[in-house]
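Each value in this text was obtained by applying a stated rule to the coordinates, not by laboratory testing. This structure is a prediction, so every number in the text was calculated from the model and none was measured. Backbone-built Cβ (ideal geometry, glycine too); neighbour counts: all protein chains shown.
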């Protein structure tokens, strides 16, 4: 069975004051039956690690450069993230693909660098509303997986997040049947490529996950957790999601 993960993506939000939410979250969730991860902006990683010390909250990052060092102004290498205390990194998020033109090949290179640095790679896939309407979701997701997972990747340090782009931050979510269809397809694609070890790769759902809908989403087959955006910024909201996953 894949391990359960509640991952929060703070995106471009948060300063020192926001770190109080980490301590509040730790106090609310105790020792849940799932992993808990927060991925703040890079400026907060080391300070969040310090605030989360002694709790179950792990700290990750939101992106990395494929190179280990060099003339890449404004970029951050995977080794630097690990040095700051991050244990995982989100890669291929739809906002990175759209805003920065990241391709599957870029994501694969970033993932290879992350794995070399000892990080777990959370690789994101998902379709736009137009692609959903064109009924190409399954083929698209399969193509993204094939192109974004590097050759020789260790399945034990891979996580895949399915995020329908049209559901991110919109309040809209796919039906439970639609989520199940895609997650089942992802598991099959991973198994075809990586063999029996693919059963242990956590599959997260991302897209307007809230305390009110988390339990029904976590009841879907092959949903092992969530990649949460806005609802991870407030301890009370994210704690509700963690509690729902712990009970699933």
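Here the contact order of segment 116-189, divided by its residue count and restricted to Cα pairs under 8 Å and six or more residues apart, works out to 43 percent.
Ranked by how many other Cβ atoms sit within 10 Å of their own Cβ, fewest first, the residues 242, 141, 228, 136 fall in the order 136, 141, 228, 242.
Highest-first packing order for the peptide set 60-70, 88-98, 191-201 is 88-98, 60-70, 191-201, based on the mean count of other beta carbon atoms within 10 Å. Label-to-label distance, residue 50 versus residue 103, with points set 7 angstrom from Cα along the beta-carbon direction: 4.2 nm.
Note on residue 199/residue 157: beta-carbon distance plugged into 1/(1 + (r/R0)^6) with R0 of 25 Å gives a FRET efficiency of 0.95. Does segment 116-248 come out rounded, prolate or oblate by the C-alpha gyration tensor, with a ≥ b ≥ c the root eigenvalues, rounded set by a/c under 1.5 and, if not, prolate when a/b is larger than b/c and oblate if not? Verdict is oblate for segment 116-248.
Approximating the spin labels as points 7 Å out from Cα along Cα→Cβ, the residue 72-to-residue 24 distance works out to 3.5 nm. Please state the equivalent ellipsoid semi-axes for the chain: what are the square roots of 5 times the Cα gyration tensor eigenvalues, largest first, in whole Å? The answer is 24, 23, 17 Å, longest axis first. Normalised by the number of residues in segment 5-247, the average gap of Cα pairs under 8 Å and 6 or more apart makes the relative contact order 22 percent.
Neighbour counting of Cβ atoms within 10 Å sorts the residues 217, 168, fewest neighbours leading, into 168, 217.
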